[in-house]
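Working notes, structure below.
The values are calculated or read from the model by the stated rules, or taken from the named source; none is laboratory data. Please read these numbers as outputs of a predicted model, since none were measured by experiment. Neighbour counts are summed over all protein chains in view; Cβ atoms, including those assigned to glycine, are modelled from backbone coordinates with ideal geometry.
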Amino acid sequence: MAPMAVICEYVAVNVNAIIQLIQEYGYLIILVWTFIEGETIVIVAGFAAHLGLLELPWVIASAIAGSFSGDQLYYYIGRHWGPKIIARRLSWQESAQKAYRHLHRHQNFLILTFRFYYGLRNVTPFVIGSAHVSRLRFFILNLIGAIIWAISFASIGFFSGEAIELFIDDFKQYEIYALGVLVLMALGIWLVTTIRHRRRARQLANTATSQATAVEKDQEGPSGPS
């Protein structure tokens, strides 16, 4: 059976459970998920608001609260332990160097917009904290950035439903199933991204170990007869 057919069959069986989950815990899920990462959940929640399962203003408010509070925490962690954390996470080091360069050139703009940069999203609050950017400056710009980010992606999800209805006359009867597919896709994207990050971290760690071993052998030099 084709993968999409499997997904559609799963959604058809579990659609009521998905709807109940969204209605009962939707705002909490948005809050927790955006605290960690991810605009995908905000788009999905915006689409759910289009269906009437959630309220768009509360979707935006939950996303603002989660994203803002999460990045405030990461900023303060960065102020105290940022360089150590970045040094230990080899997969972050290239992104951290880019974030430091952007921070040096366009500090305010980076704080406002880092949520929109794929690859820099997670590491940037730690970088900003480790650079000891003013607490008040980060608080204000981080709040403004979180508001812009939440409104943007929630609106994309909400108005995408409106746009699809303009082109598909009977889309109403498929909306719930489309939402179910979006939920599963969001979970799939999160899972794939997590696996890729962990795989890259292992590869970098193995490379670093191999390089360290090679350096040790070079330092020992060839062993000759005594």
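Observations on the model:
- Subset of the range 52-68 [over 18 Å from Ser152 (Cα atoms) and in contact with a helix residue (DSSP H, G or I) (Cβ under 8 Å, 6 or more places away or on another chain)]: Leu53
- Residue within the range 87-94 that is over 19 Å from the mean Cα position of the chain (by Cα) and modelled with pLDDT of 95 or more present: no
- Residue that is farthest from Ile156 (Cα to Cα) [pool: residues in the range 9-39 that are at pLDDT below 90, assigned to a helix (DSSP H, G or I) and in contact with a Phe, Trp or Tyr (Cβ under 7 Å, 6 or more places away or on another chain)]: Ala12
- Within the range 36-57, not a single residue is of a type in the set (Ser, Thr, Tyr) and buried (at least 23 other Cβ atoms within 10 Å of the Cβ).
- Of residues in the range 40-78 being outside any helix (DSSP H, G or I) and free of Cβ contacts under 8 Å to residues at least 40 places away in the same chain, the one farthest from the chain's Cα centre (by Cα): Gly52
Here's the yes/no breakdown for (1) touching a residue at least 24 places away in the same chain (Cβ under 8 Å); (2) among the polar types (S, T, N, Q); (3) farther than 19 Å from Arg196 by Cα:
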| site | (1), (2), (3) |
| --- | --- |
| Ile86 | yes, no, no |
| Arg105 | no, no, yes |
| Phe114 | yes, no, yes |
| Tyr118 | no, no, no |
| Arg121 | yes, no, no |
| Pro125 | yes, no, yes |
| Gly129 | yes, no, yes |
